[in-house]
Amino acid sequence: MKNKLINASIMMFCILFLAACEEENTETDDQITSADVAQIQAAVMNGEWRIAYYFDSEKEETQDYFGYVFSFNQDSSLVASNGSLSISGAWSISDSADNSNDSNDMGDIDFNIFFVTPDDFEELSDDWDILEYSDTILKLTDVSGGNGGTDFLTLEKL
């Protein structure tokens, strides 16, 4: 009788553990769909943003963007300004499922940033995966194809 009780307890634990793992795996960036694109676009075009956090593969580099304000314009232009210097770039949101070379991220929505210069801003140029968004925050990530490092970028509305 004691063995049956122990076996039943172990079986119950396993069922609860597997259910918890299954639930945890569904909460990923894959939940962001094409229907969210208009919402994200409206949020970023409404107001000015700053980089609240930037981690580039091996170290935090948030301080490189201190004092810069980012404006995401309706014409897909992107401007970073610190009052004395203005840096132009571009931005867009795309569905990487449209890219036939990106078979691992079907239905994945990307937040694209593009700067040509200077080097600090060129580092931001990427097709970022959207982790989280709201009207006041945009959390992004990217796994580098070169060294396999993971970058994180958080934009916060001023």
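The values are calculated or read from the model by the stated rules, or taken from the named source; none is laboratory data. On a predicted model such as this, the values are computed, not experimentally measured, just so you know. Neighbour counts run over all protein chains shown; Cβ positions are idealised from the backbone, glycine included. All accessible areas refer to the heavy atoms of the entire protein, side chains included, with ligands and DNA or RNA removed. Shrake-Rupley method; radii C 1.70, N 1.55, O 1.52, S 1.80 Å.
Tell me, yes or no, whether the range 63-83 has at least one residue that is among the charged types (D, E, K, R), modelled with pLDDT of 95 or more and open to solvent by 80 Å² or more (accessible area, probe 1.4 Å). Scanning the range 63-83 turns up at least one residue that is among the charged types (D, E, K, R), modelled with pLDDT of 95 or more and open to solvent by 80 Å² or more (accessible area, probe 1.4 Å). Looking at 15, 51, 32, 113 in this structure, which one is under 23 Å from residue 149 (Cβ atoms) and at pLDDT below 90? Among 15, 51, 32, 113, only 32 is under 23 Å from residue 149 (Cβ atoms) and at pLDDT below 90. Could you tell me whether residue 93 is more than 19 Å from the chain's Cα centre (by Cα) and open to solvent by less than 30 Å² (accessible area, probe 1.4 Å)? Against the criterion (more than 19 Å from the chain's Cα centre (by Cα) and open to solvent by less than 30 Å² (accessible area, probe 1.4 Å)), residue 93 does not qualify. Sub-6 Å Cβ pairs linking a first residue in the range 131-158 that is closer than 12 Å to residue 54 by Cβ to a second residue that is among the charged types (D, E, K, R) and open to solvent by 60 Å² or more (accessible area, probe 1.4 Å), at least 6 apart or interchain, are 139/132; 154/139; 156/50, ordered by first then second residue. Selection over the range 41-62 of residues that are among the aliphatic types (A, V, I, L, M) and either touching a residue at least 60 places away in the same chain (Cβ under 8 Å) or open to solvent by less than 30 Å² (accessible area, probe 1.4 Å) (or both) gives a count of 4. In this entry, residue 102 is excluded by the filter for residues that are surrounded by 19 or more Cβ atoms within 10 Å (Cβ to Cβ) and either more than 23 Å from residue 82 (Cα to Cα) or modelled with pLDDT under 95 (or both).
Only residues that are in contact with a helix residue (DSSP H, G or I) (Cβ under 7 Å, 6 or more places away or on another chain), in a loop (DSSP other than H, G, I, E, B) and among the hydroxyl-bearing types (Ser, Thr, Tyr) were counted across the range 114-133, and they come to 0. Among the residues of the range 34-71, what is the count of those that are assigned to a strand (DSSP E or B) and either touching a Cys at 6+ places or on another chain (Cβ under 7 Å) or of a type outside the set (Gly, Ala, Ser) (or both)? Count: 12.
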